[in-house]
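Chemist: First, the structure itself, so that you have it in front of you.
The values are calculated or read from the model by the stated rules, or taken from the named source; none is laboratory data. These numbers come from a predicted model, not from an experiment. So basically every Cβ, Gly included, is an ideal-geometry build from the backbone, and we count neighbours across all protein chains shown. Heavy atoms of the whole protein, side chains included, go into the accessibility calculation; ligands, DNA and RNA do not. Shrake-Rupley method; radii C 1.70, N 1.55, O 1.52, S 1.80 Å.
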Amino acid sequence: MKNRWGDDGLDQLTTTSNWDRNNKFFRLFYDRAYYTIPQCNNFLQALEIADFPDEENIVAETRFLRALAYYNLIDVFGKGVLATEENFGQSEALPEASRQQLYNYVESELLVIEPVISPTSSYGRANRYVVDMLLAKLYMNAQVYTGTPEWDKAAIYVNKIINEGGYSLDPNFVRIFSADNESSPEIIFPLLAESLTSQSFGNTTYIVNGSLSADTMPLAQFGATQGWTGHRATPAWYGLFGSNAEELNTSNDIRANLFWTDGHNFVMEDYRTWVDGFPSIKFRNTDSDGSGNPVDFSSTDFPFYRLSDVYLMYAELAVRGAANTNMGDALTYVNDVRTRSGADAISMSELTEDFIIDERGRELNLEGHRRSDLIRFNRFTGGSYNWPWKGGSAQGTSIPDTYKLFPIPATALQANPNLTQNPGF
C-alpha cells in the first residue's frame, strides 16, 4: 500500500527509506504502547484494593492487553523498558529491557492467564482463544525475536483455536470488512468502531476514507461522506491475482475484485499521483448487502484476529514440519480459505513456503500482518523480494537489515538515558 499525502514522516513509511528517530509515526506508535501499559498497571493496582464481580477474569483481560502492547514493542522496536504494577510510579528511569527479556515476560504472562481467562466473552473483549492467538503469533515469530524457532509451540495454540474455539470461516468474505461484521463467525478479536460513540479519524475510518476519492470513485457506495484521496494498492498486492485490470475484474476470486480499477493505472509510476495504483475497497462502511447511509466516521470493526489467518498459520507450520500438524489438514485449510472466496483449490505439490507467503498477501493484506510475515520469511530487507517504491525506487530496491526494526524515537531516548538506539539509526 502507498499513500500520496507526503505528511512529515509518512513518505518514509511509504517508500521504506530514510527512516530516522524523529519520525512522528514511530514516536506515536511507541508512545501509544507506553500509554497503554501504565494504564493497565494502574488498573491492576486498583483491582488489588477493591472488590469487583468476576475480578479474576478482569485481571486476566488487563494483563492480556498489557502483553499485547509489549508484543507490539517486541515486534517493531525490539526493546524498551519493562514497566509493571511492581514498579509503577517509580521516579528513577527504568533500565533498558532487551528483546529477549520482553519476549520472556510476554510469554510468561500469557501462559499464566491462558488457563484462567474465560473461554467466552462478549464481542470485543479478550477470551482464552484471543490469548491463544497472541501466544501463537509470539511463537510463530520466535526465531525473528530470539533466534530460536518455536514452531511446535505455535502449533499447540493454533490447534486449540481451530479445534476448541468454535469459530468458522464466514461464507461471505465481504462481510468481514463491512459495517455488519459484528455478526461474522470468523472474527476472533475485533477492534471496535462505531460511527457515533467512537468517532475517530483512526481505526477503519483511516482505511475506508483514506482509500476513497470523489475524483474517481462513488463515495456513497462505500458508506462514506469523505474521500481523502490517499491510499492505493500496488501490483505487489493485486498482481498476485492477475497481470492487468481485466484479469482482476473477471477473476472468480472475490478478493481480486476488491480494487477500484476505473480511471486508475495498473502500474504505479509515481506514488504521489492518485490515479497510479488501484485503491483497495476491501474495507467499507456499508453493510455486506450494500445498505447503509453515508456517514463521516466508520462503524466497521477492524478484524484484528480472524480464523483464516489461523488456517494459513497452520499450513505454514505444517510446511515447516511442526509437531502435531500434517500436510493433509494444511491443504484442507488452505483450500477452505481459497474456495470460500471463489478461488481454485490447489494441489499438495503447490503447497510451499512461496505459495503461503503469496496466499497470506491475497487473504490478509491491509490487515496489519505483511511486514511481520515478510520478515519471518526473510523477504523484507535485502533485494531478493522487492515491491514498488521499496527503498525509494519505483521498481523497488534493496534496503538494509537494520530496517527489520524501527528506530527508537528521539523523545524516548531523551526521556530515559538508559535506552540505546537500534543499530543503523
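Chemist: On average, how much accessible surface per residue is there in the chain, in Å², for a 1.4 Å probe, leaving out ligands, DNA and RNA?
Modeler: Details: 17270 Å² over 425 residues.
Using a 1.4 Å probe on heavy atoms only, each residue of the chain averages 41 Å².
Chemist: Is it possible to state the helix-based mean residue ellipticity at 222 nm for the chain, with each DSSP H run of 4+ residues giving -39500 (n - 2.57), the sum divided by total residues, to the nearest 500 deg cm²/dmol? What is it?
Modeler: Mean residue ellipticity at 222 nm (helix-derived): -12000 deg cm²/dmol.
Chemist: Let me check against my output: what whole-number percent is the relative contact order of segment 32-86, with C-alpha pairs under 8 Å and at least 6 apart?
Modeler: 57 percent
Chemist: Taking the Cα centre of segment 31-88 as origin, sum charge times position over the Cβ atoms of Lys and Arg (+1) and Asp and Glu (-1), and report the length of that vector in debye to the nearest 20.
Modeler: Values: 4 positive and 10 negative charges, 86 e Å.
Magnitude of the dipole: close to 420 debye.
Chemist: Next question, about the same structure. Please report the spacing between the Cα centers of segment 372-411 and segment 210-272 in Å, no decimals.
Modeler: Distance between centres, Cα-based: 24 Å.
Chemist: Moving on to the next point. Rounded, prolate or oblate, given the Cα gyration tensor of the chain, with a/c below 1.5 counting as rounded?
Modeler: Values: a/c = 1.37, a/b = 1.25, b/c = 1.10.
Rounded, since a/c falls under 1.5.
Chemist: How high is the relative contact order of segment 182-242, given as a whole-number percent (alpha carbon pairs under 8 Å, six or more residues apart)?
Modeler: 25 percent
Chemist: Show Asp287, Asp401 ordered by accessible area, largest first, where the area counts protein heavy atoms only and the probe is 1.4 Å.
Modeler: The ranking, largest first, comes out as Asp401, Asp287.
Chemist: Another one. Taking R0 as 25 Å, what's the FRET efficiency between Ala345 and Leu191 from their Cβ-Cβ distance, rounded to 0.05?
Modeler: Step by step, r from the Cβ atoms, then E = 0.20.
Chemist: With a 10 Å cut-off between alpha carbons and a GNM built on the chain, which of Val275, Val81, Val116 moves the most?
Modeler: Greatest mean-square fluctuation among the candidates belongs to Val116.
Chemist: Here's something else I'd like to know. Using amide H atoms built in the peptide plane, which far-off residues or other-chain residues are under 5 Å from Ile188 H to H?
Modeler: Counting only residues 5 or more places away or on other chains, the set is Tyr305, Arg306, Leu307.
Chemist: Pick from Asp54, Asp75, Asp336: which residue has the top mean-square fluctuation in a GNM of the chain where Cα pairs under 10 Å get a spring?
Modeler: In this elastic network of the chain, the residue with the biggest mean-square fluctuation among Asp54, Asp75, Asp336 is Asp54.
Chemist: Label segment 1-117 by shape, choosing from rounded, prolate and oblate, from the square roots a ≥ b ≥ c of the eigenvalues of the Cα gyration tensor; if a/c is under 1.5 it is rounded, and otherwise prolate applies when a/b is larger than b/c, oblate when it is not. Can you show the working numbers first?
Modeler: Details: a/c = 2.22, a/b = 2.03, b/c = 1.09.
Cα axes put segment 1-117 in the prolate bin.
Chemist: Now for a separate question. Protein chains only, probe 1.4 Å: how do Val144, Val112 rank by accessible area, largest first? Don't skip to the end; give the middle numbers.
Modeler: Numbers: Val144 50, Val112 80 Å².
Order by accessible area, largest first: Val112, Val144.
Chemist: Then there is this: Quick one: grab Rg to one decimal and Dmax as a whole number for segment 55-208, Cα atoms only, in Å.
Modeler: For segment 55-208, the Cα radius of gyration and maximum Cα-Cα distance read 17.1, 54 Å.
Chemist: Right, here's the next one. Rounded to the nearest 0.05, what FRET efficiency do Phe52 and Asp336 give with R0 = 41 Å and r taken as the Cβ-Cβ distance? Could you check?
Modeler: Efficiency computed from Cβ-Cβ geometry: 0.50.
Chemist: For a Förster distance of 25 Å, can you work out the FRET efficiency between the beta-carbons of Asn418 and Gln45, rounded to the nearest 0.05? Working shown, then result.
Modeler: Numbers: r = 23 Å, r/R0 = 0.94.
Plugging the Cβ-Cβ distance into 1/(1 + (r/R0)^6) gives 0.60.
Chemist: Using only alpha carbon pairs under 8 Å that are at least six residues apart, calculate the relative contact order of the chain and give it in whole percent.
Modeler: On the way: 738 pairs, mean separation 85.4, N = 425.
This gives 20 percent for the chain.
Chemist: About the Cα centre of the chain, how large is the charge dipole given +1 on each Lys and Arg Cβ and -1 on each Asp and Glu Cβ? Please answer in debye to the nearest 20.
Modeler: That gives the chain a dipole magnitude of about 920 debye.
Chemist: When the accessible area of the chain is split by element with a 1.4 Å probe, what percent falls to carbon and sulfur?
Modeler: It is 49 percent, rounded to a whole number.
Chemist: Continuing with the same structure: Can you classify segment 365-425 as rounded, prolate or oblate using the Cα gyration tensor, where a ≥ b ≥ c are the square roots of its eigenvalues, rounded means a/c under 1.5, and otherwise it's prolate if a/b beats b/c and oblate if not? Write down the numbers at each step before the final one.
Modeler: Details: a/c = 2.42, a/b = 1.94, b/c = 1.25.
Here segment 365-425 falls in the prolate category.
Chemist: Between segment 334-364 and segment 121-137, what is the separation of their alpha carbon centroids in Å?
Modeler: Segment 334-364 and segment 121-137 have Cα centres separated by 25 Å.
Chemist: Sequence-distant or interchain residues sharing an amide H contact under 5 Å with Asn265, placed H: which?
Modeler: Residues meeting the amide H criterion: Asp276, Gly277.
Chemist: In addition: Which value in Å is the Kirkwood Rh of segment 283-352 over different Cα pairs?
Modeler: In segment 283-352 this quantity evaluates to 14.4 Å.
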